[in-house]
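Reviewing the structure listed below.
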Amino acid sequence: MSDPLRPRASLRTAVVWDVLKDALERRVKAAGRDALDVLDTGGGSGNFAVPVARLGHRVTVVDPSPNALFALERRAAEAGVADRIRGVQGDAHGLFDVVERGGYDAVLCHGVLEYVDDPAEGLANVAGALRPAGTLSLLAAGLGGAVLARALAGHFTEARRALTDPAGRWGEGDPVPRRFTAEQLTELVTATGLQVGAVHGVRVFADLVPGVLVDTEPGALDALLKLEAAAAEQPAFHSVATQLHVLAERD
């Protein structure tokens, strides 16, 4: 778990990064090319785009925020990968106004479906950017993790509201517009014509463990990372994960 290419916020990204890196390696072998064309929708300041570019791939980041794209440009320059990263302003619904349809070996859609007006339409556009045999990495907020977190904090009414709300929101003050179950995400992916390869629970334990324990207990961080990795593919933990990750491919 000591890969230097992993984004720094390892507890939040380790599972997704490990899965994504392996998927890109498989795609490289299948395509017979050293460098892939990767699209990162909603990629912001490059939490994943920069590490992917450091692997040697060409990355296009689409994000609606000019400030995020400015931060991406600075971050790419500092990492020495500015020549392999291109940032363009846009969103999932107007994706093909700024990028090529069917032009990418892999597409990242992380933290996007929670915020778009129509998740099905947004995901259909994301899937449409893939080349044949292309890979989709989809990450979205999980319903069960939010319910569990509110309950453990003593907010039982809010936990019940999230559990019964169609969008999975616990109240007016909830900063996340929409959450998903693993079944909902896989149905959305399947509807685009992609084939689901794997589903992973992300941050199953990380958001529940006191930070002081991880920071002060020797070996705790590494042990927690290994626990997260072990639980990620276990369906029993998908229902309590803070986020859900779906890896899919176009036939």
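Could you say which residue among Val196, Val209, Val202 is open to solvent by 30 Å² or more (accessible area, probe 1.4 Å), closer than 21 Å to Trp17 by Cβ and in contact with a strand residue (DSSP E or B) (Cβ under 8 Å, 6 or more places away or on another chain)?
Within the list Val196, Val209, Val202, the selection yields Val196.
When you scan the range 171-181, do you find a residue that is modelled with pLDDT of 95 or more, open to solvent by less than 40 Å² (accessible area, probe 1.4 Å), closer than 30 Å to Val107 by Cβ and of a type in the set (Asp, Glu), even just one?
yes
Would you point out which residue out of Asp91, Asp83 is open to solvent by 20 Å² or more (accessible area, probe 1.4 Å), in contact (Cβ under 8 Å) with a residue 40 or more places away in the chain and of a type in the set (Asp, Glu)?
Within the list Asp91, Asp83, the selection yields Asp91.
Test Val61 against the stated conditions and say whether it is open to solvent by less than 30 Å² (accessible area, probe 1.4 Å), without any contact (Cβ under 8 Å) to a residue 40 or more places away in the chain and either within 25 Å of Glu121 (Cβ to Cβ) or in contact with a helix residue (DSSP H, G or I) (Cβ under 6 Å, 6 or more places away or on another chain) (or both).
yes
Identify, please: which residue in the range 107-140 is farther than 15 Å from Thr186 by Cα, over 13 Å from the mean Cα position of the chain (by Cα) and among the hydrophobic types (A, V, I, L, M, F, W, C) and is, among those, most open to solvent (accessible area, probe 1.4 Å)?
Ala133
If a residue has to be within 21 Å of Asp118 (Cα to Cα) and either under 15 Å from the mean Cα position of the chain (by Cα) or in contact (Cβ under 8 Å) with a residue 60 or more places away in the chain (or both) to count, how many in the range 144-180 make the cut?
Counting residues in the range 144-180 that are within 21 Å of Asp118 (Cα to Cα) and either under 15 Å from the mean Cα position of the chain (by Cα) or in contact (Cβ under 8 Å) with a residue 60 or more places away in the chain (or both) gives 5.
The values are calculated or read from the model by the stated rules, or taken from the named source; none is laboratory data. As the structure is a computational prediction, the values presented were derived from the model and not from experiment. All Cβ positions, even for glycine, are placed from backbone atoms using ideal geometry, and neighbour counts span all protein chains on display. For accessibility, only protein heavy atoms count, side chains too; no ligands or nucleic acids. Shrake-Rupley method; radii C 1.70, N 1.55, O 1.52, S 1.80 Å.
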